[in-house]
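Asks: Sending over a structure as structure tokens; questions will come in a sec.
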Amino acid sequence: PAEHRIPGARQYWIRVVGDSVDRFMREGSLALCTDVWSWARDSEDLFRRGNGQLVVCQRERHGLFETTIKQLKVTGTKAELWPASHNPKHDGPIPLGDTSDVNGVSVVAVVTHALIRF
């Protein structure tokens, strides 16, 4: 189903694999994702409205891309992508703008709905 509050928005479903967001969605759940720039006007709007929201981010490492769902947490002018997991191996944030071991981290979509697997 389309997000009717955002006519014409690019949307898609992704299946959750793994446990990095198991506080919200278990493995096998489906997340309805809305293109970030259809959901937010700009970065300021995303950080203001999206604080605490689940988002889809992409990381590029040496030409390979990883797509993952994380929780956006904004404190002052600092934005980070956090796992929302009970598993202690997912213990730290991915700072937006950090390029220490990656070629780029970007938010590509916002999770607007979920079909939870029980």
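The values are calculated or read from the model by the stated rules, or taken from the named source; none is laboratory data. Keep in mind that this is a model prediction, so the values were computed, not measured. To get the accessible areas, we keep the full protein, side chains included, count just its heavy atoms, and leave off ligands, DNA and RNA. Shrake-Rupley method; radii C 1.70, N 1.55, O 1.52, S 1.80 Å.
Asks: Residue-wise, which Karplus ³J(HN,Hα) couplings in Hz belong to the stretch 46-62, taking 6.51 cos²θ - 1.76 cosθ + 1.60, θ = phi - 60°, and x for glycine or proline?
Replies: 4, 5, 6, 7, x, 4, x, 7, 6, 10, 9, 10, 10, 10, 10, 10, 6
Asks: Could you derive backbone 3J(HN,Hα) for the stretch 106-118 from the dihedral phi with the Karplus parameters 6.51, -1.76 and 1.60 (θ = phi - 60°), listing whole Hz in sequence and x where the residue is Gly or Pro?
Replies: So the J values, rounded to whole Hz, are 9, 8, 10, 7, 10, 6, 9, 8, 9, 10, 7, 8, 9.
Asks: Let me ask something else about it. With a 1.4 Å probe and all protein chains left in place, how much accessible area per residue does the chain have, in Å²?
Replies: Here the per-residue accessible area is 60 Å².
Asks: Specify which labelled value, from (i) 16.4; (ii) 15.7; (iii) 14.6, agrees with Kirkwood radius over Cα pairs in Å derived from the coordinates of the model shown.
Replies: (iii)
Asks: Then there's this: Once every DSSP H run of n ≥ 4 in the chain is given -39500 (n - 2.57) and the sum is divided by its residues, what mean residue ellipticity at 222 nm do you get, rounded to the nearest 500 deg cm²/dmol?
Replies: Numbers: 2 runs with 12 residues, N = 118.
It lands at -2500 deg cm²/dmol.
Asks: Name the residues whose placed amide hydrogens come within less than 5 Å of the amide hydrogen of ARG26, ignoring near sequence neighbours (fewer than 5 apart) on the same chain.
Replies: ARG117
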